[in-house]
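K.L.:
Quick one: structure below, then a few questions.
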Amino acid sequence: MDFKDKVVVVTGGASGMGRATASEFVKAGASVVVVDRNEPLARQTAAEIGAQARVGDVSSSAFCDAVVAETVRTWGRLDVLVNAAGIIVRASGENTSDEQWNRIMAVNVSGTFFMCRAAIRAMKPQGFGSIVNFGSIWGDLGASGVAAYCASKGAVHNLTRALALEHAKDGLRINAVCPGEVHTPMLLSERAEPITPELLQRLADTVPMGRLADPVEIAHLVLFLASDKARYMTGSLVLVDGGFAAR
């Protein structure tokens, strides 16, 4: 997949699946903007993969508008937006605080919406553009112990569908990738027990394929969805989960 002369913004691009995605776009020839709130990591990642860094929090609509506006000023266009920024709260519904609920909705849902809205406003006059949101298997299946996360990803799924329908005739395509268990910092975060090979194996054993995904495996699907090879796809939620949801 060739993205030469294409301009791509990746939120949450400093680590995990976001970093893998940003890196693959650079390798495919794109000019890439890595967006992340972790300034040292964002700048390090951008330097290492050959991208530009924009530091801030996607829960701020003003920041999201500024990222897109600056991108268009710099390159004159925005071809692809990838919304990979996200957080998780490992708590049951009854043990989720107001602060935790509000924060995960602000980042996972509002952040995705704000970036989509800003990108659509830039892409619609162009008559072309692709957005790939990060959903999750938990956005449809649900899981105990991560109630707020499940709710947030369910919202991302339906936001993706709604925006895709609104802009199907504007030359814009809006899809979502829905990963299962991927070996990322988020997967290992907020665990009540130490991260050990035994824990990783237990997580892998929940997957029919018997292993955790590598972030680059998710990135390859993102690039496909963003490419012209997927030009008849919009409003799709594409599972990449090692068979987890097939059971």
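K.L.:
Quick check on region 215-229. Is at least one of its residues of a type outside the set (Phe, Trp, Tyr), farther than 25 Å from LYS27 by Cβ and in contact with a helix residue (DSSP H, G or I) (Cβ under 7 Å, 6 or more places away or on another chain)?
P.N.:
No: zero hits.
K.L.:
On the basis of being within 19 Å of the chain's Cα centre (by Cα), free of Cβ contacts under 8 Å to residues at least 60 places away in the same chain and not in a helix (DSSP H, G or I), does ASN108 make the cut?
P.N.:
Answer is no for this residue.
K.L.:
Pull up region 16-31, narrow it to residues that are under 21 Å from GLY180 (Cα atoms) and open to solvent by less than 10 Å² (accessible area, probe 1.4 Å), then point me to the one that is farthest from the chain's Cα centre (by Cα).
P.N.:
ALA22
K.L.:
What do you reckon, is MET233 at pLDDT below 95, under 25 Å from VAL132 (Cα atoms) and either among the charged types (D, E, K, R) or surrounded by fewer than 19 Cβ atoms within 10 Å (Cβ to Cβ) (or both)?
P.N.:
no
K.L.:
With (1) at pLDDT 95 or above; (2) more than 15 Å from VAL80 (Cα to Cα); (3) open to solvent by 40 Å² or more (accessible area, probe 1.4 Å) as the list, and CYS178 as the residue in question, which single condition is left unmet?
P.N.:
(3) is the only condition that CYS178 fails.
K.L.:
Looking at region 135-145, can you tell me whether even one residue there is open to solvent by less than 10 Å² (accessible area, probe 1.4 Å), farther than 18 Å from THR234 by Cα and not in a loop (DSSP other than H, G, I, E, B)?
P.N.:
yes
The values are calculated or read from the model by the stated rules, or taken from the named source; none is laboratory data. Quick caveat: nothing in here was measured; it's all calculated off a predicted structure. Methodologically, a virtual Cβ is constructed for each residue, glycine included, from the backbone with ideal geometry; neighbour enumeration extends over all protein chains shown. In case anyone asks, the SASA skips ligands and DNA or RNA and just uses the protein heavy atoms, side chains included. Shrake-Rupley method; radii C 1.70, N 1.55, O 1.52, S 1.80 Å.
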